[in-house]
């Protein structure tokens, strides 16, 4: 099967799914619109090496005039380092997407098992875990992420770790509340009465029923992680200047904005908002579709 046939088969499977979601009212349309936004930006980022007109890291492209407003040669203008802003905008989502995906994976790996075992076992384990998670949750998220990132240093992995620490309590709290209600249901009690092992009850009867909540939290967490990653890069805790990144361009654009240079901050800012909005729409739509109580309102 050729690459073109693979792409066509993928589209053939995705399009009907989006079309069916559109028939489920406002919630379905939120998922459809959000998915289209996210997929478009992710696809643009993936093919960036082949569609950027210039190397986004190369300085001094416009010799003699490093800071150029939008024009036919440079549609998004250039920054004070002479880098093409169109190329940096197209390729700049890579860092944020990597940070967001990695942080969400870390949150799921840590937060979901903690929520499952803590609430199911109960007792001292549950009280201790809740105390730790509530303490982290009560601390201002961005400040905590800044403190951790400043300690760990720059880099995608360090940014992801600092963001994950902030959002693990969100997964824990959601999963714990779900498990506390599910473990009292008749089918779980029946499983216990026939001698099912705790491991079987957790992974066969409880975990499948909390997966929808994990999906919703993860989707919303993507939007939060993107904004937090932008904030970390904005204050200099992100990646190096030669790596195209929307957060760094925001910080650089803010410095240039008082002198009337609006284009350096505008285009990366628009794409950050669009990407966060896309994940937020998907999360809100899935929350209504997967939660029967919300759907009845």
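None of the figures in this text is laboratory data; all of them are computed from the coordinates on show. A quick note: this is a predicted structure, and the numbers were derived from the prediction, not measured. Cβ atoms come from the backbone with ideal geometry, glycine included; neighbour counts cover every protein chain shown.
Below are the figures for this structure:
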{"item": "Cβ-Cβ FRET estimate between residue 139 and residue 215, R0 fixed at 25 Å, reported to 0.05", "result": "0.45"}
{"item": "Rg over Rh [alpha-carbon atoms, Kirkwood Rh] for the chain", "result": "1.05"}
{"item": "Expected 222 nm ellipticity per residue - DSSP helices of 4 or more, -39500 (n - 2.57), all of the chain, to 500", "result": "-24000 deg cm²/dmol"}
{"item": "Global geometry of the stretch 71-215, whether rounded, prolate or oblate, following the gyration tensor of its Cα atoms and the 1.5 cut on a/c", "result": "prolate"}
{"item": "Order by protection proxy (mean Cβ within 10 Å, highest first), peptides 85-91, 75-81", "result": "85-91, 75-81"}
{"item": "Zone residues, the stretch 201-242, relative to residue 187, backbone N less than 16 Å from point 7 Å out along Cα-to-Cβ", "result": "201-213"}
{"item": "Nearest-ten-degree value, helix 263-290 long axis tilted from longest Cα axis of the chain", "result": "20 degrees"}
{"item": "Spacing of the two label points (7 Å from each Cα toward its C-beta) at residue 200 and residue 36, in nm", "result": "4.8 nm"}
{"item": "Residues 248, 29 arranged by fewest to most Cβ contacts within 10 Å", "result": "29, 248"}
{"item": "Cα long-axis angle, helix 246-256 against the chain (0 to 90 degrees, to the nearest 10)", "result": "50 degrees"}
{"item": "Principal-axis tilt of helix 3-21 within the chain, Cα atoms, nearest 10 degrees", "result": "60 degrees"}
